[in-house]
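Peer 1: Pasting a structure below so you can have a look.
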Amino acid sequence: MRSTMMKDPLSLNHLLERAGRLFPESEIVSRLPDKSLRRHSYAQYYARTRQLAAALQGLGLKKGDRVATLCWNHHAHLECYFGIPAAGGVMHTLNLRLSPDEIGWIAADAGDRFLIVDDILLPLYRQFAGKHAFERVIVFPFSGAPVAGEFTDYEKLLEDAPPGFDYAPHDENDPVAMCYTSGTTGRSKGVAYSHRSTVLHTLVASLPEFWGLAGRDVVLPVTPMFHANCWGIPYGAVMLGTKLVFPGPHLHPDDLLDLIKLEPPTMALGVPTIWLTLIQALEAHPEKWSLPKGMRSLVGGAAVPESLIRAFARHGVRIAQGWGMTETSPLATLSYIKPELSDVSEDEQFRLAATAGVTAPLVELRLVGDNGVCPWDGKSVGEVQVRGPFITGSYHNVENDPAKFSEDGWLRTGDVAKMDAHGYLHITDRTKDLIKSGGEWISSVDLENAIMAHPAIAEAAVIAVPHEKWGERPLACVVIKPGQSVTPESLNEALAKKFAKWQLPDRYEFLDAIPRTSTGKFWKMKLRERFSGAR
Ligand code: ADP
């Protein structure tokens, strides 16, 4: 027998049409370079997005052509998220924090045909223009200055778009977007998402126990729109008619706190370092700012210290931690309290919130250790491997690499973790960050989280340094909060409550700041280069 169901392809266009029809009054707020706010209704957004699609087709865009974006978070970037695929193209978000050489290499590797760039980012564009020739460069006049020279004006392009627009015919497996891994641990590699993978990821991620996204939410995406599809929030928000507040280029904690005051969000997302600096600014000036009570914050991209989750809880904000990668669309797990644990103590709830959480529906996850697949016993440690309909099965332009994919078709994430009996994932490290001392593993993540729980410490990153006798030993790089003081001895004394003596760092480096990667995470490779000569 055959199913009687229709075979309509999963499509982003459906989400856009739905938004245009059902949520014309929802709002999109963008902070402009001069810090003023520009507002668009979803009705305007819908019309402009279709104009963009029509204009791109008018420029000769063919199915599968890549259109790169080099933009901050704002309404026009959101127009690209849906307008480029609507025209049949593939939106390729370029990471503006990479070096010009890397951006040029990535644009060439992706074969980008057109570029949409913020006017304020033209100086950056000029630095890599020689590495890859775009057929056309479309400039979004973000600052309001006139677009001059050889460039096409984004606003004029929309104004002059041919009337009437038909969505490009497509199969649900056709690509809609492309993102390169940020290359924290090696050369960037391209991942291409399809209509199908994106729609499925959007549906799963929006579930009440994951993002719990609703049309009545107001979302502040601090996560850059070039970082793993802004974790999928733009798609979910458009699907549900959710108000979006885009910070533009203003990501300094003071600017974010000002924006939160002006347009209070019910939900915000970003990597832990954003929230670590924001809470310090907030607590330094409680008379100036506050956080909206009941706000949720989706934090991921790196381990979230329990102390940070507790600090936000004191301000009435609940942090949910997600684990994922560019390769996984990205949300693959999220920490929430499962029904059978609803009665656990508050301390236990915080402990669970500080894990990477529970695997998302449609994602299969296993840990593979030296003795094969690990049991869920909270002890056995292995590499996290995942598979599912929104997990990449290969990389763009790369021969399949057995280091990245297992023989039986799982993505090898390079993350090391254990799973407890309830199915909560505890990431202990990236393979490259593991510390092996005298044949025993020490988790850098556990040490960092414990150090950051110390009231005098703002930031901490722990790396391995070579040691004659033990092979490797942990070195802790720490940033002390202004006006505080602390010694290696007092830090180790505090850690000794939780760790065995041999696990404690035997060296501390006190720094002004921990270097950040292009997506804002602690950059341990730079610390290793500086303190141990290794990468
Ligand atoms: P990059 O690999 O360049 O950092 P991604 O943003 O794709 O780019 O990073 C994915 C990686 O980030 C994961 O493999 C993992 O190491 C780390 N990561 C993401 N979320 C978490 C989390 N909640 N806890 C610990 N590590 C995380």
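The values are calculated or read from the model by the stated rules, or taken from the named source; none is laboratory data. Only a predicted model underlies this, so the values are computations on that prediction, with no experimental measurement involved. Ideal geometry is used to build each Cβ from the backbone, glycine not excepted, and the neighbour counts take in all protein chains shown. What goes into the accessible areas is simple: the full protein's heavy atoms, side chains included, and nothing from ligands, DNA or RNA. Shrake-Rupley method; radii C 1.70, N 1.55, O 1.52, S 1.80 Å.
Peer 1: Test of understanding: what is the full-extension gain from LEU22 to ALA456, defined as 0.36 nm times their sequence separation minus their Cα-Cα distance?
Peer 2: 151.2 nm
Peer 1: I need the trypsin sites (Lys or Arg not before Pro) found in region 140-199, filtered to DSSP loop residues with at most 16 other beta carbons within 10 Å of theirs.
Peer 2: Taking region 140-199 and a limit of 16 other Cβ atoms within 10 Å, the loop trypsin sites (Lys or Arg not before Pro) found are ARG187.
Peer 1: Could you work out how much longer the chain between SER532 and GLN280 gets when fully extended? Use 0.36 nm per residue separation minus the Cα distance between them, nm to one decimal.
Peer 2: 87.7 nm
Peer 1: Find how much the distance from GLU399 to GLU287 grows on full extension, using 0.36 nm per residue of separation minus their present alpha carbon separation; answer in nm with one decimal.
Peer 2: Result: 34.7 nm gained on full extension.
Peer 1: Going by average Cβ neighbours within 10 Å, how do the peptides 217-223, 78-84 rank, with the highest at the top?
Peer 2: 78-84, 217-223
Peer 1: With θ taken as phi - 60° and the coefficients 6.51, -1.76 and 1.60, list the Karplus ³J(HN,Hα) couplings across region 470-483 in order, rounded to whole Hz; mark glycine and proline as x.
Peer 2: My calculation for region 470-483 gives 9, x, 9, 9, x, 10, 9, 9, 10, 10, 8, 5, x, x Hz in order.
Peer 1: Averaging sequence separations of C-alpha pairs under 8 Å and six or more residues apart, then dividing by the length of the chain, give the relative contact order as a whole percent.
Peer 2: Rounded, it is 11 percent for the chain.
Peer 1: Got a number for carbon plus sulfur as a percent of region 337-430's accessible area, 1.4 Å probe?
Peer 2: For region 337-430, the apolar C and S fraction of the accessible surface comes to 48 percent.
Peer 1: Can you compute the label reach from VAL373? Point 7 Å from Cα along the Cβ direction, backbone N cut-off under 19 Å, restricted to region 406-443.
Peer 2: Taking a point 7 Å out along Cα→Cβ of VAL373, the residues of region 406-443 whose backbone N falls under 19 Å are 406-426.
Peer 1: What are the principal axis extents of the Cα atoms in region 435-530, in Å, biggest first?
Peer 2: 37, 32, 19
Peer 1: Report in % the part of the accessible area of region 105-263 that belongs to carbon and sulfur, leaving out ligands and nucleic acids; probe 1.4 Å.
Peer 2: Here carbon and sulfur together make up 52 percent of the probe-accessible area.
Peer 1: Moving on. Counting only DSSP beta bridges with both residues in the chain, tell me the antiparallel percent, nearest 5.
Peer 2: Around 55 percent antiparallel, to the nearest 5.
Peer 1: Quick one: if the Förster radius is 41 Å, what FRET efficiency do ASP171 and GLU489 give, using the C-beta to C-beta distance and rounding to 0.05?
Peer 2: Efficiency computed from Cβ-Cβ geometry: 0.05.
Peer 1: Above 20 angstrom, tally the Cα pairs of region 337-430 and express them as a % of all pairs, no decimals.
Peer 2: Distances greater than 20 Å cover 42 percent of the Cα pairs.
Peer 1: Related question: Do me a favour and compute the ellipsoid semi-axes for the chain from its Cα gyration tensor, root of five times each eigenvalue, largest one first, whole Å.
Peer 2: 38, 26, 24
Peer 1: Keeping all protein chains in place, calculate the accessible area per residue for the chain (probe 1.4 angstrom), answer in Å².
Peer 2: 42
Peer 1: With a 1.4 Å probe and every protein chain kept in, tell me what percent of the accessible surface of region 435-530 is carbon plus sulfur.
Peer 2: 51
Peer 1: I'd like the accessible area for ILE120, computed on protein heavy atoms only with a 1.4 Å probe and all protein chains in place. Round to 10 Å², please.
Peer 2: 70
Peer 1: Would you please put 162-169, 435-442, 461-468 in order of how densely packed they are, using the mean number of other Cβ atoms within 10 angstrom per residue and starting with the highest?
Peer 2: Top to bottom by mean Cβ count within 10 Å: 461-468, 435-442, 162-169.
Peer 1: What is the packing order of peptides 490-501, 85-96, taking the mean over residues of other C-beta atoms within 10 Å and listing the highest first?
Peer 2: 85-96, 490-501
Peer 1: Take the Cβ-Cβ distance between SER406 and LYS432 as r, set R0 to 22 Å, and report the resulting FRET efficiency rounded to the nearest 0.05.
Peer 2: FRET efficiency, SER406 to LYS432: 0.75.
Peer 1: Once phi is turned into ³J(HN,Hα) by the Karplus curve 6.51 cos²θ - 1.76 cosθ + 1.60 with θ = phi - 60°, what whole-Hz value does each residue of region 151-156 show in order, with x for glycine and proline?
Peer 2: 8, 9, 7, 4, 5, 5
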